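Asker: Quick one: the structure is below, and I'll ask about it shortly.
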Amino acid sequence: MLSVGIITATTGNKLLVDAVMSVDRQTYDNWHHYLFYDGVIGYEEFNRQRGEYQSWKRGLAYWPSRIGGPQLQGRRIYAAAPSLINEDVVIILNEDDWFAENHLETLIALMEEKSLDWAYSLRKIYDREGNYLFDDNCESLGRHPVWCAENQHLVETCSYAVRTPVMTNVANVYNHRGFGPDRLQYDYLARNYPKFAGTGKHTMCFRLGGNEGSVTREFFATGNAAMKQRYPDGFPWVT
């Protein structure tokens, strides 16, 4: 049974509780959750949250200076942490997103069944308040290109499950400032580690409005409509 290390970089955001609770509810139980705190919150607040979140399956660490900053959003932890953890598989979970209960189970079952180097899920889209809007059937589709760009492929950062030695090799993409490290990750993995597949299930829950450049509700509404016209008999990436 593969062990899973879940990595979350956080500033102590009030939305973190949704991420934490979703990990606790996973139907796959062989995981450890690492919360890495950015020093912007102060040590006293870190200690308060440690009392709230720490358990034998969840460890908290504090870095006494800035991890993130302009166009980084804590990603440097995602670049560094795969070299530090001991679990078999790395999964990233942003502080303001969360997982459906069967997220880990479906990813790990697929990786074990097909002896994959990595796997990915599809995602659901929610507004900033956590209300469900629709499934993403137009952008984060893995092997299938983004609806508005024939040569672009995307797997959302939190939709990946990657074997730890593989993730260690690719993790430096998260030192990239600005837009698109998850696109760089897909490009590198697809070219260098072709043993991969998608679960075909929308089990990653993506919250809109994470930053000023975050994709909009209208983007998905337009893209989903375009894809429905393109695939009138059903989406080939959904199982």
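Asker: Being of a type in the set (V, I, T) and assigned to a loop (DSSP other than H, G, I, E, B) is the filter; apply it to the stretch 1-43 and report the residue that is surrounded by the most Cβ atoms within 10 Å (Cβ to Cβ).
Answerer: By that ranking, first place goes to T11.
Asker: Please specify each residue of the stretch 1-17 satisfying the condition of being at negative phi and among the small types (G, A, S).
Answerer: S3, G5, A9, listed by residue number.
Asker: Further, regarding this structure: Select, from P194, P232, the only residue that is within 28 Å of L116 (Cα to Cα), out of contact with any Phe, Trp or Tyr (no Cβ under 6 Å at 6 or more places or on another chain) and not aromatic (F, W, Y).
Answerer: Exactly one of P194, P232 is within 28 Å of L116 (Cα to Cα), out of contact with any Phe, Trp or Tyr (no Cβ under 6 Å at 6 or more places or on another chain) and not aromatic (F, W, Y), namely P194.
Asker: Can you name every residue in the stretch 115-129 that is within 16 Å of T203 (Cβ to Cβ) and of a type outside the set (S, T, Y)? Spell out the reasoning first.
Answerer: Here is the first cut: in the stretch 115-129, the ones within 16 Å of T203 (Cβ to Cβ) are 118-126.
Those that are within 16 Å of T203 (Cβ to Cβ) and of a type outside the set (S, T, Y): W118, A119, L122, R123, K124, I125.
Asker: Given the criteria within 16 Å of the chain's Cα centre (by Cα), closer than 18 Å to D97 by Cα, of a type in the set (S, T, Y) and at pLDDT 90 or above, does T199 qualify?
Answerer: In short, no.
Residues checked against (1) under 17 Å from Y78 (Cβ atoms); (2) in contact with a helix residue (DSSP H, G or I) (Cβ under 7 Å, 6 or more places away or on another chain); (3) among the aromatic types (F, W, Y):
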{"position": "W118", "(1), (2), (3)": "yes, yes, yes"}
{"position": "F134", "(1), (2), (3)": "no, yes, yes"}
{"position": "N137", "(1), (2), (3)": "no, yes, no"}
{"position": "A149", "(1), (2), (3)": "no, no, no"}
{"position": "L154", "(1), (2), (3)": "yes, yes, no"}
{"position": "A171", "(1), (2), (3)": "yes, yes, no"}
{"position": "L189", "(1), (2), (3)": "yes, yes, no"}
{"position": "G200", "(1), (2), (3)": "no, no, no"}
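Asker: So is L122 among the aliphatic types (A, V, I, L, M), buried (at least 24 other Cβ atoms within 10 Å of the Cβ) and farther than 20 Å from E87 by Cβ or not?
Answerer: Judged against the criteria, L122 is a match.
Asker: Go through the stretch 56-71 and give me each residue that's surrounded by fewer than 20 Cβ atoms within 10 Å (Cβ to Cβ), outside any strand (DSSP E or B) and at pLDDT below 95. Walk me through it before giving the result.
Answerer: Within the stretch 56-71, the subset surrounded by fewer than 20 Cβ atoms within 10 Å (Cβ to Cβ) is 56-59, 61-66, 68-71.
Filter again for outside any strand (DSSP E or B), leaving 56-57, 64-66, 68-71.
Matches in the stretch 56-71: P64, S65, R66, G68, G69, P70, Q71.
The values are calculated or read from the model by the stated rules, or taken from the named source; none is laboratory data. All values derive from a computational prediction rather than experimental measurement. Cβ: placed from backbone, ideal geometry, glycine included. Neighbour counts: every protein chain shown.
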